[in-house]
Amino acid sequence: MKKHSFSKLAAISPDTLLIGVDIAKNAHWARFTDYRGIPLGKALKVLNNKEGFENILTTIKVVCKQHGLDRVILGLEPTGHYWKTLAHYLISHEIKVVLINPYHTKRAKELDDNSPTKNDKKDALTIARLLRDGRFSQLYLPQDVYGELRVLSSTRVSLMKRHNAIKNTIKAVLDEYFPELVTVFKYPLKGKACRQILKSCPFPSLILQLGRDKVLTQMKKAVKKTIGQKRVEKLFKTAKDSIGVTYGIPSAYLKLTLLLGELELMEKQLDQLETAMEEALTHTGFKEIILSIPGVGIITAASFLGNTGDPLRFTHPRQISKLAGYNLIEDSSGENKSRTTISKRGRKQLRNMLYQMARTTVAVNPQMKALYHYLKTRPANPLKKKQALVVISKKIITIIHSLLKKQTQYQPELVFNQFRKNQMKQVA
């Protein structure tokens, strides 16, 4: 058992009241036990409102007084978002709240009755007994600017999903009605001229009906610089030879107009959101330090801090790697040993953001590019592309944590120690 597990067990003393709470939308269920896991009283229904929260707080005080207990640890599963209000309320009243992995609850609930049957009261008791065994993790609710960054970064992820879904739907419409448009405008949704065409005459029949002069006039509404006549001629020739379908043109035009309006709204919202992220990043005091790393931008830096919270609360970068689910695991039994892989037990948003950050730094950061090349070509155990990018992601975590701890900016010559430099020279 690891050292930190012993410290968790040491926190469970005979004067500790353990409370397991099964979270639901309208009402939670709580079970109280002593440090041995013996139930104290019946299950308590906790309504998800102020009355219910005050009731559990009162019950905690009564149970502690009845059994002479001085300390309280309450555990709950961080599923969905319904747990956050209860946790915030209890923490504000000086109740220690910790988190129980839902996977552990699912595996442990069969131990008492040898049955996978699920009900809220049973799960609450299982959670309380997992507390007794020290199988919990500390709760961290980011405050101040880190709370702002967490909300902003998660909101941006949601907006980007909707933004990409709209773009894909627009592309599907064009693939059906005007698939050759990409031969005239390589990126139809990026250029202003093409955007204007999509708004005014997006399909071949509408282009031919409007005429060359009017199409050119439409394009000039969006682009101030001179539009080449050759581009207009190519558009007309492509429209004339198009294999796109010709049915439902009015309905498809309306659909495309609505989608374009929604896309522009999303783009404005993303701009507004990213401005707020930059402002919050500035308030952390870490902006200049993190942005000194080549390949790390405002959005990725803000998302990193939004997912980790205050990075200086971690004593070692390995803790951040574990938070992202980048800690290595393997399955072995007897002589059988599987390949090592990452656990993926952590914050998915943080892991995805770090992976994208790694891809960017490999392209523009000389040190990360050299490390990436070494990892893929080293004589012993060369890594595949994705595996190498995971290693780069963990290296970025180490760099950011080190820079923030020392309050210094990125220095290329200090990225690698002499041993790593010698390794990389051998495959250069």
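Go through the range 226-298 and name the chymotrypsin sites (Phe, Trp or Tyr not before Pro) that are in a DSSP coil and have 10 or fewer other Cβ atoms within 10 Å of their Cβ.
247
Which percent of the accessible heavy-atom area of the chain goes to carbon and sulfur, probe 1.4 angstrom?
Working: 12790 of 24220 Å².
Heavy-atom surface of the chain belonging to carbon and sulfur, 1.4 Å probe: 53 percent.
Over the residues of the chain, the helix contribution to mean residue ellipticity at 222 nm works out to -19000 deg cm²/dmol, using -39500 (n - 2.57) for each DSSP H run of at least 4. In this simple spin-label approximation, residue 176 and residue 38 carry label points 7 Å from Cα along the Cα→Cβ vector, and these lie 6.9 nm apart.
Working note: Cα atoms of the range 210-256, range along each principal axis, descending, whole Å: 34, 23, 14.
Positive end of the dipole of the range 217-355 (Cβ unit charges, origin at the Cα centre): among 250, 269, 325, the Cα lying farthest that way belongs to 250. Computed from Cα atoms, the angle from the helix 212-222 axis to the main principal axis of the chain rounds to 40 degrees.
Across 348, 109, 395, mean-square fluctuation computed from a Gaussian network of the chain (C-alpha pairs under 10 Å connected) peaks at 109.
At most 12 other C-beta atoms within 10 Å and a DSSP loop state: those are the exposed GluC sites (Glu not before Pro) I care about. Give me the longest piece of the chain that has none.
Values: sites that count: 94, 330, 335.
Looking at the chain, 95-329 is the longest stretch - no exposed GluC sites (Glu not before Pro) with at most 12 other Cβ atoms within 10 Å.
I'm spelling it out carefully: the read-out is Cα Rg over 2.2 N^0.38 Å, the candidates are [x] 1.30; [y] 1.13; [z] 0.98, and one was derived from this structure. Which label? Computed from the coordinates, Cα Rg over 2.2 N^0.38 Å corresponds to [x].
Averaging Cα coordinates gives a centre for the range 233-253 and one for the range 71-88; these two points are 56 Å apart.
Using R0 = 41 Å, the C-beta based FRET efficiency linking residue 270 and residue 241 works out to 0.65. For the set 171/240; 42/348; 192/385; 84/406, the pairs lying more than 27 angstrom apart at their alpha carbons are 42/348; 192/385; 84/406. Build a GNM of the chain with springs between Cα atoms under 10 Å apart, and of 142, 250, 39 the one that fluctuates most is 250.
Distances between placed amide hydrogens fall under 5 Å for residue 324 paired with 347, all partners being 5 or more residues away or on another chain. If I build a Gaussian network model for the chain, linking alpha-carbon pairs within less than 10 angstrom, which residue out of 103, 35, 326 has the largest mean-square fluctuation? Looking only at 103, 35, 326, the biggest GNM fluctuation is shown by 103. With viscosity 0.692 mPa s and temperature 37 °C, the Kirkwood radius over alpha carbon pairs of the range 362-425 converts through Stokes-Einstein to a diffusion coefficient of 264 µm²/s.
Ignoring ligands, DNA and RNA, what accessible area per residue does the chain give at 1.4 Å, in Å²?
Numbers: 24220 Å² over 428 residues.
About 57 Å² of surface per residue is accessible.
The angle between the Cα long axis of helix 144-177 and the longest principal axis of the Cα atoms of the chain comes to about 40 degrees, rounded to the nearest 10. Relative to the longest principal axis of the Cα atoms of the chain, helix 298-308 runs at roughly 20 degrees. Given R0 = 35 Å, the distance between the Cβ atoms of residue 26 and residue 162 translates into a calculated FRET efficiency of 0.80.
The values are calculated or read from the model by the stated rules, or taken from the named source; none is laboratory data. For clarity, every value in this text was computed on a predicted model and none was experimentally measured. Note that we place each Cβ from the backbone using ideal geometry, even for glycine, and neighbour counts take in every protein chain shown. These area figures cover heavy atoms from the full protein model, side chains too; ligands, DNA and RNA do not enter into them. Shrake-Rupley method; radii C 1.70, N 1.55, O 1.52, S 1.80 Å.
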